[in-house]
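The block underneath contains the structure these notes are about, expressed in structure tokens.
The values are calculated or read from the model by the stated rules, or taken from the named source; none is laboratory data. If you're wondering where the values come from, they're calculated on a predicted model, not measured in any experiment. We place every Cβ from the backbone using ideal geometry, glycine too, and count neighbours over all the protein chains shown.
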Amino acid sequence: MQAWSESCLCQVVDVGWGAPGCASSSTAVLLQDGKLQWDGGSLWYEQIKTELFLKIKLVITSVSCLVNLLLSLPLLFVITRNPSVQRKLRYVLLANLLICDNLQLLLSTVHFSTCFYLRHCSLINCFMFIILSFNFCIVEVFFTIAFSVDRCIAIKWPLQYETIFSSGRKKTIVAAVWLLAILLTLVALFVALNKLPMNVPIERCHLFIVAPCLSDSGIFEGYSTLMSAILLLGSYLCILGCLLLLCWDTRLFLKTRRAWVTLVMQVLQLIFYSAPLLVDIFLIKNLKDKDDTDITIIAIFNLGISLVPLVYGYRSVELQGLLWKLLPLSRNTIQPISC
């Protein structure tokens, strides 16, 4: 344990924290009673008591998980029960997107429930939660890219659409997204697990706390920066490009109220999902009010996830019609909303 603590202390300097024997600094990081701490307090400056902090995050995540599940189940039921819908790539992507989002929120709920019960989490559990969350984020972004590309091709080359996205290619796209995300996750696990102590408890679980204690060579820091900057930012640029191209090709239809509502919801969903993610990766370690920022990030991020079924599912005229048919009074008295 002492060998690990000295190694961890030297790496803490890389993210701006001082450590005795590594660099001159007015504040040292110590390993006391099995916990990472400043010499004058906690590694993460606590604005809110840990119990209340974890309770707030648990409530936000639990409510988001329940709401998203209630919104997703009707869509998944309709998609899985209608072969005509399953033949269309966008609905296959939507089903996988909904499954990914619900798994991500369920993972967060279980993690925060465990942390709230124990009042802390171990370093290894924190790392596993971060990696799995990052895995689901990659899946979410890749499926969103595939969805955007699918819509662009459907608008620009409608006659060649079925040829481009044949049944075999649809399955290949879905499998490739999940396998690529799993592969990237396994790489991160391989790089880090042998370097990480198992049972060191920490009160705040975050990447910038875990990362300095993983590797002397900084491989994991470079890996996470590369994945975040190139993969995620590049993906967002691709999604934005497809959205702008789609808007240009359908500019005549954007004059309708329905088109504008759908477009605004898509933009808001992308902002609510991506902005907190990027702030959480790149900026939070340099902010003073980390507790407030972390709670705000998780609230907005979960809102971005919950908008997925509303934006990509319930705005679809075809899915609206199938959903209304499930209602007993819908045959002759109720019509789908057209706004």
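Some notes on this structure:
- Condition broken by residue 256, with the remaining ones in (1) at pLDDT below 80; (2) polar (S, T, N, Q); (3) farther than 26 Å from residue 245 by Cβ satisfied: (3)
- Between 78, 12, 92, 67, the distinction of being part of a helix (DSSP H, G or I) and modelled with pLDDT under 50 belongs to 12 only.
- Answer from 226, 196, 231, 186 - the residue that is modelled with pLDDT of 80 or more, out of contact with any His (no Cβ under 6 Å at 6 or more places or on another chain) and of a type in the set (A, V, I, L, M): 186
- Among (1) closer than 17 Å to residue 87 by Cα; (2) part of a helix (DSSP H, G or I) - the single one residue 109 does not satisfy: (1)
- For segment 101-117, the set of residues classified as in contact (Cβ under 8 Å) with a residue 12 or more places away in the chain and either outside the structural domain of residue 302 (by TED's automatic domain parsing) or not hydroxyl-bearing (Ser, Thr, Tyr) (or both) consists of 101, 102, 103, 104, 105, 106, 107, 111, 112, 115, 116, listed by residue number.
- Qualifying residues in segment 300-328 (those that are in contact with a Pro (Cβ under 8 Å, 6 or more places away or on another chain) and part of a helix (DSSP H, G or I)) - the one farthest from residue 85 (Cα to Cα): 300
- Contacts under 6 angstrom Cβ, first residue in segment 179-196 being assigned to a helix (DSSP H, G or I), partner modelled with pLDDT of 75 or more, 6 or more apart: 181/135; 181/138; 181/139; 185/131; 185/135; 188/131
- Flag if residue 171 is modelled with pLDDT of 85 or more, loosely packed, with under 14 Cβ neighbours inside 10 Å and basic (Lys, Arg): yes
- Within segment 80-98, restricting attention to residues that are closer than 12 Å to residue 319 by Cα and in contact (Cβ under 8 Å) with a residue 60 or more places away in the chain, the residue that is nearest to the chain's Cα centre (by Cα) is 94.
- Checklist (1) at pLDDT 95 or above; (2) crowded, with 21+ Cβ neighbours inside 10 Å applied to residue 123, failing item: (1)
- Beta carbons closer than 9 Å, at least 6 apart along the sequence or on distinct chains, never pair a first residue in segment 161-177 that is closer than 19 Å to residue 151 by Cβ and in contact (Cβ under 8 Å) with a residue 12 or more places away in the chain with a second that is outside any helix (DSSP H, G or I) and aliphatic (A, V, I, L, M).
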